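Heads up, the thing below is written out as structure tokens.
None of the figures in this text is laboratory data; all of them are computed from the coordinates on show. This is a predicted model, so every value here is computed, not measured. In this analysis, Cβ positions are derived from the backbone assuming ideal geometry, glycine residues included, and neighbour counts consider all displayed protein chains.
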Amino acid sequence: MSSATLPSQLNAPLAGRLPARWIISKREDITWFIGSSLVSYVALGLMAAGFPVPIIQFVWFFLIDGPHVVSTVTRTYCDRAERKKLGWFLWLPVPLLLVGPAMALAGQASLFFLLAVAWQQFHIVKQHFGFMMLYKGKNRDRDRKDFLLDRWLLLSSLLVPFALFTVRTQPRLTEIAALHWLLEMAMGAYAILTVLWLLRQIQKARAGMEMNLPKLGLLATVIPLQWIALLHASHYGAGGIIRAGIALGLFHSFQYHRLMWFHNRNRYTVPGAEERNGLAEWLARNLGVYLAVAIGLNFLLTFLPQVLFPVQTVQAAVWGVAFTHYMMDARIWHVRSDKELAAALHMA
């Protein structure tokens, strides 16, 4: 093959040449990384129908969301090799547990909880972006134009509805005319971006180019859920964020649990893992053990303190556990720079 013919062949239609590549498998990905959003829609339906929110919140926090937060422990604090790499980062919980109480005692509890929820939403956005990038990497979706359109469509689809909810439900913000103007500008830009993205997909389909179905399935699931959950929550004022948090957190948590277990099984069940990784290897032997540890740690670190000390400062302190999870996640899921991680996720 001459170099003169290579560019034209690279730009030729790819339809039918490359089957869709999934992170685990088609069945597993559709079930956990895409289809688990159905649980979120069920939760939204139940809440809209008048089912007691505290019951749904208890199940979500105690059995699903809270355990997903502390499950990060299984591949950080419990991994001997990872502890050496993280070093001082392991001490993050100490200052993070103090931020909330300090702001609460200073009379800024409302601001703290608003910022905490904003960070939570940003964390969820980053996870969905991470999944999208895994699918782009798996399916050799490397076109620069598509990358920019995909990135900005996803980020704006997740952040614009949250900004809309925040401005609508926070009394101090609703009075600021400039914010409403900025939000209108953002909505206009978002509409233009959405149209451009859709036109690009039509162009690719007509040209017979590879469409990256796993990525499209993820986007088609994530974006509507974000809008529906936050629009539903906005009808209940600032307190409605718990309704959106439940719906969005359920999907986010199921995705995370499945990815974590996939990673742990691949990384810690190879020869020599017990000597190299320590306790992490034992936790990866059985799914029941993994879940029991995650639920148990969540009970001890977040649920029990709030039950024993139902005061605002303790509720604020408990957020430090979630903050640690957010910062740890930002540190430990870099596929490009971590060869072991790439191998564990079958990206190598």
- [ ] For Lys138, list the lysines whose Cα falls under 19 Å from its own Cα; do not include residues on the same chain fewer than 8 positions away.
- [x] Lys26, Lys126, Lys204, Lys215, Lys339
TODO: Name the helices (complete DSSP H segments) of the chain with a Cα length along the long axis of 24 Å or more and a Kyte-Doolittle mean of at least -0.5, or state none.
DONE: 109-138, 144-169, 177-207, 213-234, 241-268, 312-332
Task: Normalised per residue, the volume of the convex hull around the Cα set of the stretch 158-239 (Å³) - done: 81 Å³
Task: Per-selection Rg to Rh, the stretch 61-122 - Cα, Kirkwood hydrodynamic radius - done: 1.06
Open item on the list: Suppose each label sits 7 Å from its Cα in the direction of the beta carbon; what would the Ala81-Leu111 distance come out to in nanometres?
Closed with: 4.5 nm
Open item on the list: With only alpha-carbon atoms in the gyration tensor, what are the semi-axes of the equivalent ellipsoid for the stretch 185-283, in Å, largest first?
Closed with: 37, 25, 9
- [ ] Sort 68-75, 56-63 for me by packing, meaning the mean count of neighbouring Cβ atoms within 10 Å per residue, highest on top.
- [x] 68-75, 56-63
Task: Distance cut-off 39 Å, percentage of C-alpha pairs in the chain lying past it - done: 19 percent
